[in-house]
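Asks: Once you've had a glance at the structure underneath, I'll fire off some questions.
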Amino acid sequence: MKYILLLILTVNISISNAQKLYVWCPEHVEAPVRNDILRSDTVTIAFFDARILNKKSKIECNSEILTDKIFEQIKQVYPNIFFIKDNSLYRSKDSINTILKIGISAYHAGFGTDISVGIGMVGGSLSTMILPKGMWNASTTFYTEITDRKKSNKETISNIGSQDNIWGYKSARKALNESYNKSLQQLLFFIDQNI
């Protein structure tokens, strides 16, 4: 039993050291349109992609496409607000208009092992069993800040998604979309409360 535990631990350490991250473009989310929210001034959105992806990562959606998709989704949800995208203002302290800063620190999926431990009878003796289970785990994290002349509010939005490795990469994409959808919904609620 000790040897099996040692083997599983060694395999997990070697897999984690060579972790390959996967990034796909997010699917379009059907979010309710907020027609009742109006703004007379322009709202500038500035993105900063702070993700650190290793060389082994498989990236099918680069930073520009990801930020464009989030920007287009926000514009679609708030049709009565004029948004412009200007990433150069992310580090700016002063702005004439209302500015929404969105820092992306995580948007990726990776494969991991969920290990369950069980206790049972084997051959009439009490024994522990280790049951490894392959899982796709995804994370989406946004650091958001909205500032206008009167106030400034910040919020960290972070969600994970996990799927069994039944369909391979399809399960990974599903986990990534799950985490993205939750984070996007919280981002929209943050905008609702502060715009």
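Asks: Can you pull out the residues in region 29-62 that are assigned to a loop (DSSP other than H, G, I, E, B), open to solvent by less than 40 Å² (accessible area, probe 1.4 Å) and under 19 Å from TYR180 (Cβ atoms)?
Replies: VAL29, ALA31, ARG51, SER57, CYS61
Asks: Determine whether region 14-36 contains at least one residue that is among the basic types (Lys, Arg), in contact with a helix residue (DSSP H, G or I) (Cβ under 9 Å, 6 or more places away or on another chain), under 23 Å from TYR107 (Cα atoms) and at pLDDT 90 or above.
Replies: Scanning region 14-36, I find no residue that is among the basic types (Lys, Arg), in contact with a helix residue (DSSP H, G or I) (Cβ under 9 Å, 6 or more places away or on another chain), under 23 Å from TYR107 (Cα atoms) and at pLDDT 90 or above, so the answer is no.
Matching residues to (1) out of contact with any Asp or Glu (no Cβ under 7 Å at 6 or more places or on another chain); (2) at pLDDT 95 or above; (3) open to solvent by 50 Å² or more (accessible area, probe 1.4 Å); (4) not hydroxyl-bearing (Ser, Thr, Tyr):
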{"position": "PHE142", "(1), (2), (3), (4)": "yes, yes, no, yes"}
{"position": "THR156", "(1), (2), (3), (4)": "yes, yes, yes, no"}
{"position": "LYS170", "(1), (2), (3), (4)": "yes, no, yes, yes"}
{"position": "GLU178", "(1), (2), (3), (4)": "yes, yes, yes, yes"}
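This table checks each residue for (1) open to solvent by 20 Å² or more (accessible area, probe 1.4 Å); (2) at pLDDT 90 or above; (3) of a type in the set (D, E, K, R).
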residue	(1), (2), (3)
PRO79	yes, yes, no
ILE84	yes, yes, no
ASP94	yes, no, yes
ILE104	no, yes, no
TYR107	no, yes, no
PHE111	yes, no, no
GLY123	yes, no, no
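Asks: Taking ILE65 and the conditions (1) modelled with pLDDT of 95 or more; (2) in contact with a Ser or Thr (Cβ under 9 Å, 6 or more places away or on another chain); (3) exposed (fewer than 15 other Cβ atoms within 10 Å of the Cβ), which numbered condition does it fall short on, given that it satisfies the others?
Replies: (2)
Asks: Let me ask another. So, in region 142-179, how many residues would count as being closer than 27 Å to ASP94 by Cα, of a type in the set (Asp, Glu) and part of a strand (DSSP E or B)?
Replies: Adding up the residues that qualify gives 2.
The values are calculated or read from the model by the stated rules, or taken from the named source; none is laboratory data. Keep in mind that this is a model prediction, so the values were computed, not measured. Glycine also receives a Cβ, built like all others from the backbone with ideal geometry; neighbour counts cover every protein chain displayed. Surface accessibility is based on the protein's heavy atoms, side chains included, excluding ligands, DNA and RNA. Shrake-Rupley method; radii C 1.70, N 1.55, O 1.52, S 1.80 Å.
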